[in-house]
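What follows is calculated from the coordinates using simple rules that are stated; it is not laboratory data. Just so you know, these numbers come straight off a predicted model, no measurement behind them. All Cβ positions, glycine included, derive from the backbone under ideal geometry; neighbour counts span all protein chains shown.
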Amino acid sequence: MRELKQLLSARGLVAWLDADELIPGENWQPGLVKGIMNSKTMAVCIGSAGVGPWEDEEMQSALTLAVREKRRVIPVVLPGAPEKPEISLFLASRTWVDLRAGFAEEGIARLVWGITGVRPAPTSNGAPPDETRVAHEKEISPRPADRPGWSRNYSDKTVKSVAVALEEAKSLTMHSLVLNLNVLFNRGTFRFEPLRECVTQEWGRRLLAAMETLELLRSYSSVVSDLAPDARSFEKLMDEVNGYCQAMATDLFEEPVEVSKMGDYMGTEEFRTRLPKGKRWPTAGEIDDATNKRVDGPRARSVRLMDKLRKEFLKAQ
């Protein structure tokens, strides 16, 4: 553990280790509580002896903070741990860092990624990336598994059903992920109802479905970065769905909607009540060409990109 702390410290991280922080002769429990409470990220390290009764109490405290305050809890399997270490159900839902083969650069880099949320740039000589490059790496959102019950926060039924299915999946591959995400596009909001065929002109419902679809895609961006050999198609898909949301918010309401502010109300009844009154055309087909081009263009491109992803990862099936 001390060697692991030194490796993290060498990368500019402040690591708290009880053996180095608790003063001999003093009551150690308050110091341990303080160490846990002051830590932005917590690693549950599992060695040859597994997790003992007191360590289990510490782990439960860490998981409580993960749920209440959205802190990361990272299972770290140390050298000497058994091939199938015993990990509690709640901890097992989080992505591991496997160090059983030793403290190699690849494993330490993954742990640093989990702690900081910044994916280290690859290096050719095994040396840790310099601080300048790390600072400019794109920040990656916490994995969905870091937020138990997150999937039920969606209000759109289709998005919620896909989110629940992904959260409850025992294992996740690009094949299964793409199959589930494709369901999000098999609906009027995307694949089956071009803007001019939207007879009901329920722009608020359409915007909500697209915004929650975008949020779900973003939740899995770091997973795709891990699983896919090239994540550019997925990134382009998110860009187009984002453009679709922005175009709807700008062109389909009498007063433009600020998507960034509306995002705070996703999953609540307040979403639709805060929308301004939507524009209406005598018939859906009479939407002017300029509006149709701005709004329906990114919708159509989103569908084509989803089709490309589906073909890319399902062609061998």
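Before moving on, here are some points about what is shown:
- Near Arg11, no amide H atom lies under 5 Å from its own; only residues 5 or more places off or on other chains count, and H is placed 1.01 Å from N.
- Coupling constants for the range 229-245 follow from the phi torsions by the Karplus curve (6.51 cos²θ - 1.76 cosθ + 1.60, θ = phi - 60°), and in residue order they are x, 8, 8, 5, 5, 5, 5, 5, 4, 4, 4, 5, 5, 4, x, 4, 4 Hz; glycine and proline get x.
- Cα-based Lys proximity count in the range 247-317, under 22 Å, for pairs eight or more positions apart or on separate chains: 5
- Per residue, the convex hull around the alpha carbon atoms of the range 246-290 comes to 85 Å³.
- Gain upon complete extension [Glu3, Arg274; 0.36 nm per residue less C-alpha separation]: 92.2 nm
- When both the range 168-209 and the range 1-28 are represented by their alpha-carbon centers, they are found 47 Å apart.
- Between amide H atoms placed 1.01 Å from N, distances below 5 Å from Val44 occur with Ile74, Val76, all of them 5 or more places distant or on a separate chain.
- Taking label positions 7 Å along the Cα-Cβ direction at both Glu312 and Glu21, the computed distance is 4.1 nm, reported to one decimal.
- Each peptide in 295-301, 227-233, 192-198 was scored by the mean count of other Cβ atoms within 10 Å over its residues; highest first, the order is 295-301, 192-198, 227-233.
- Principal axis extents of the Cα atoms in the range 180-317, from largest to smallest and rounded to whole angstrom, are 47, 31, 20.
- Sorting the Cα pairs of the range 153-249 by distance into bins of 10 Å, from 0 upward, gives 15, 49, 29, 7, 0 percent per bin.
- Net charge of neighbours whose Cβ lies under 9 Å from the Cβ of Ala247, counting Lys and Arg as +1 and Asp and Glu as -1: 0
- Taking amide H as placed 1.01 Å from N in the peptide plane, the amide H of Phe253 sits under 5 Å from that of Lys279, each at least 5 places away or on another chain.
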